[in-house]
Every structure is written in C-alpha cells, then in structure tokens.
Amino acid sequence: MTFKELHIDEPILKALEKKKYEIPTPIQEQAIPVALQKRDLLGIAQTGTGKTAAFAIPIIQLLNQPQPRGQKRQIQALILTPTRELAIQIDECFSDYSCYTSLRHTVIFGGVNQKPQVQQLQQGIDILIATPGRLLDLIAQKYITLEHIRYFVLDEADRMLDMGFIHDIRKLLPLLPRRRQTLFFSATMPLVIATLSKSILYKPVKVEVAPVSSVVDTIEQRLFYVEKPEKSKLLLSILEKEKRKAVLVFSRTKHGADRIARVLNRQGIGCEAIHGNKTQVARQRALTNFKSGKTRVIIATDIAARGIDIANLEMVINYDLPDVAETYVHRIGRTGRAGNTGTALTFCSQEEKIMIRDIQKLTGKKLKTISIPA
C-alpha cells in the first residue's frame with residue numbers, strides 16, 4: 001500500500017515525496033483512514049513505529065482549508081506529549097508534512113524562556129504541540145485558550161503516567177470542547193491508562209501494532225556479565241573496537257550518566273550526557289552534535305532519551321539495566337529501525353541478574369552471553 005492509496009491530498013503527498021517517505025508503516029496504514037473519518041482512535045504502538053505521521057498527516061489534511069481573510073487563526077489541534085525532546089521532534093514532523101500548506105504550528109515546553117513561545121502564539125497558529133506543564137502555565141496566563149480545539153492527540157500516555165503528568169492531564173481535559181476528535185496513543189495499557197482512555201474516547205477504533213517482542217527481531221542482542229567496577233573498562237574496550245559506530249549508552253541515574261561521560265572524555269572519546277538536570281539548550285545541543293556526527297557517543301537516562309529518534313543508530317549499550325523489562329525494549333528499539341539492523345549490548349552485574357530473567361520472559365528470546373576477554 002502507498003500513501004496515495006490512503007487518500008492523502010496532493011500537498012501532503014508532495015511533502016512525503018520530498019522526504020522520500022513512500023510506504024506507510026503498519027500503524028500509519030491502519031490509523032490514517034480512521035483519523036480521516038474523524039473517528040476517535042486508541043493506538044497501541046511503541047516509539048519508532050511511525051505513529052507521529054499516523055496522527056500528523058490526517059490532522060494536516062483535515063485542517064488544510066482556505067483561511068478566511070482577516071480572521072485570526074485559532075488553535076484547532078493540540079498534541080500533548082510528555083517530554084521536550086519528543087515535542088520538538090513532533091513539531092519537526094509537522095514542518096516536514098505541512099511544508100506545502102499554509103498551516104501554522106508551534107511547540108511549547110518548559111525549561112526555557114516563555115517569551116519567544118508566547119510571541120509565536122500571538123501571531124496565530126492552527127496546531128499546537130505542548131508538554132503539560134508549560135501548557136497549563138500559558139493557559140493560566142491567558143495566552144492560550146483550548147475552546148476552538150477540534151483535534152486532540154494524547155501521545156505516549158503511559159510515559160505521562162511514569163512522569164507524574166496524569167494529574168495535569170485531568171486538569172486540562174475539562175478545558176477542551178466536548179465535541180472533538182481524540183487520538184490516544186500508548187505503548188502499554190496499565191489500568192490507570194486504560195481507565196483514562198475510556199473516560200476521554202467516544203466509540204474508539206483500536207489499532208495495535210508491533211507487539212513488544214517483535215520490536216526486537218531486527219536487533220542483535222548480546223549480554224555481558226560484568227561487575228560494576230569493571231563496566232567502564234568494558235565500555236572503553238567496546239568503543240575502541242567499534243570506532244565508526246554511533247552509540248547510545250543508557251545509565252540508570254543522572255549522576256551515573258555524568259560519570260560515564262567524564263570517563264570517556266578523559267580517554268579522548270567525544271561524548272555528552274543528557275538528563276533532566278541539563279538545561280534544554282544543553283540537551284538540544286548534545287542531540288544536534290550526536291545526530292550530525294560531531295560526537296559519536298551519547299549517554300542518556302531513560303526519561304531524557306524518550307523520543308530520541310536518530311536515523312541509522314547502530315548500537316545501544318545498556319550500561320545499567322532498567323528497573324522494568326519493558327523499558328529495556330524501549331531502549332534497544334532506538335536501533336534497528338526502518339528495516340535497518342542494530343546491535344544492543346547489555347552489561348549485567350550480579351545484583352541485576354533478576355532483570356535478565358524478566359527481559360527474556362517478555363521478549364521470548366534468550367540473550368546471547370558473550371564472555372569477556374581476560
């Protein structure tokens with residue numbers, strides 16, 4: 001199936017062609033027709049399955065109507081997402097897909113000066129991408145009203161729960177018009193999220209793709225049993241061998257991420273750490289340097305890495321194991337995307353062994369153990 005067969009309008013097809021996007025992913029194939037029918041949608045999909053386009057393309061198509069002259073633009077579509085990085089990436093996707101339309105969009109998030117964001121809003125926009133905290137702030141300051149919203153997207157709902165945003169979402173919901181189309185996306189459906197989805201969706205169509213185990217099929221997974229004090233030595237040895245590869249290293253803590261970055265930089269390996277204590281400017285600069293190849297290694301905590309979408313990322317290293325098996329799948333799913341193969345290496349100390357059992361049970365795959373050279 002092609003995008004043309006999904007009845008996408010010419011300006012969007014032209015934009016997709018420009019970006020060399022030709023064949024829809026399974027989530028796009030299933031979700032776009034539902035969204036174009038203005039039906040509510042419940043999408044169960046991992047990051048990396050193409051779900052941003054699954055909601056961005058129909059919203060652009062539905063809103064791409066001639067604007068009455070002299071009439072101020074009102075925010076008609078709201079995309080709510082948990083992290084700054086993800087918000088920026090979604091905004092970039094809207095730029096890509098709407099480049100041949102006259103639609104205006106902007107992104108707002110906390111951690112930076114609100115003045116440039118407010119100036120954009122005051123010029124009039126059609127589509128707003130936002131994180132919950134900054135959105136509530138600007139609503140309270142009367143810079144934003146949600147009364148004209150026709151399309152509402154709640155993205156990464158389970159991560160909203162993890163990050164403590166459910167209370168903010170419950171505050172926002174009464175501010176939205178009752179008559180609207182809602183597109184609800186989550187990688188997992190814990191009870192709180194399932195209950196929330198039922199409360200905000202009207203007769204939704206459920207679309208589910210890429211069960212958690214299938215995401216890891218294109219990724220070669222290797223396991224190293226190594227005690228904590230030896231992990232940095234093993235990491236240096238691997239990075240020395242894989243000199244040409246772009247590598248994303250996961251640390252469980254912010255402090256740990258900074259420590260790993262110091263060790264690598266001391267050894268002349270250009271790298272940067274990203275986590276919640278870094279400013280938005282520093283995080284964005286680190287991502288830009290990594291994407292452009294200026295640095296080839298980035299160390300991240302789970303929350304900071306959520307939404308990082310790097311084309312052709314060749315290797316992910318779990319320096320520390322996560323607390324939840326599903327997080328492991330989210331992590332390694334950063335590589336092996338869009339038909340590419342990828343490699344995921346996991347360092348496991350004695351106290352982390354219990355997590356390996358959970359991971360293998362979840363993915364249905366036994367991790368290949370590699371012995372460390374003496």
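Quick notes on this structure:
- Taking the longest Cα principal axis of the chain as reference, the axis of helix 254-266 is set at about 60 degrees.
- In a fully extended conformation the segment linking Glu240 and Arg179 would gain 16.2 nm over its present Cα-Cα distance, using 0.36 nm per residue.
- P(r) for the stretch 81-228, from all Cα pairs and a bin width of 10 Å, is 9, 34, 34, 15, 6, 2 %, short bins first.
- HN-Hα J in Hz across the stretch 182-191 - Karplus 6.51, -1.76, 1.60, θ = phi - 60°, x for Gly and Pro: 10, 10, 10, 10, 8, 7, 10, 10, x, 3
- Computed over the chain with a Gaussian network model linking Cα atoms closer than 10 Å, the most mobile of Phe347, Phe94, Phe250 is Phe347.
- Using the Cβ-Cβ distance between Lys38 and Asn277 with R0 set to 45 Å, the FRET efficiency works out to roughly 0.60.
- Annotation for the stretch 110-131 versus the stretch 268-298: alpha-carbon center distance of 25 Å.
- Neighbour-limited loop hits for trypsin sites (Lys or Arg not before Pro), the stretch 177-283 (at most 10 other Cβ within 10 Å; DSSP other than H, G, I, E, B): Arg178, Arg179, Lys243, Arg244
- The alpha-carbon of Lys368 sits under 12 angstrom from the alpha-carbons of these aspartates and glutamates, leaving out residues fewer than 8 places away in its chain: Glu220.
- Computed over every Cα-Cα pair of the chain and binned at 20 Å starting from 0, the pair-distance distribution P(r) comes out as 28, 57, 15, 0 percent.
- Cross-link pairs beyond the 31 Å C-alpha cut-off, checked among Lys115/Lys243; Lys228/Lys361; Lys51/Lys198; Lys228/Lys366: Lys115/Lys243
- Efficiency of FRET between Glu220 and Lys294 - r from beta-carbon atoms, R0 35 angstrom, step 0.05: 0.85
- Excluding ligands, DNA and RNA, the accessible surface per residue across the chain is 47 Å² with a 1.4 Å probe.
- Antiparallel bridge percentage (DSSP; both residues within the stretch 230-306; nearest 5): 0 percent
- Helix 231-241 vs. the chain, principal-axis angle (Cα, 0 to 90°, nearest 10): 80 degrees
- Its Cα centre serving as origin, the chain has a Cβ charge dipole (Lys and Arg +1, Asp and Glu -1) of approximately 560 debye.
- Secondary-structure-derived ellipticity at 222 nm for the chain, considering helices only, amounts to -11500 deg cm²/dmol, per-run term -39500 (n - 2.57) for DSSP H runs with n ≥ 4.
- Value of D in µm² per second that Stokes-Einstein yields for the stretch 139-217, Kirkwood Rh from Cα pairs, at 20 °C (1.002 mPa s): 152 µm²/s
- Estimated at 0.36 nm per residue, the fully extended path between Ser95 and Lys228 surpasses their Cα-Cα distance by 43.5 nm.
- Rounded to whole Hz, the Karplus (6.51, -1.76, 1.60) HN-Hα couplings of the stretch 142-154, x for glycine and proline: 6, 7, 10, 10, 9, 6, 9, 5, 10, 10, 10, 10, 9
- Calculated FRET efficiency, Lys206 to Lys365, Cβ-Cβ distance, R0 = 30 Å: about 0.65 to the nearest 0.05.
- Of the solvent-accessible surface of the chain, computed with a 1.4 Å probe and all protein chains present, 50% belongs to carbon and sulfur.
The values are calculated or read from the model by the stated rules, or taken from the named source; none is laboratory data. Quick caveat: nothing in here was measured; it's all calculated off a predicted structure. Backbone-built Cβ (ideal geometry, glycine too); neighbour counts: all protein chains shown. In case anyone asks, the SASA skips ligands and DNA or RNA and just uses the protein heavy atoms, side chains included. Shrake-Rupley method; radii C 1.70, N 1.55, O 1.52, S 1.80 Å.
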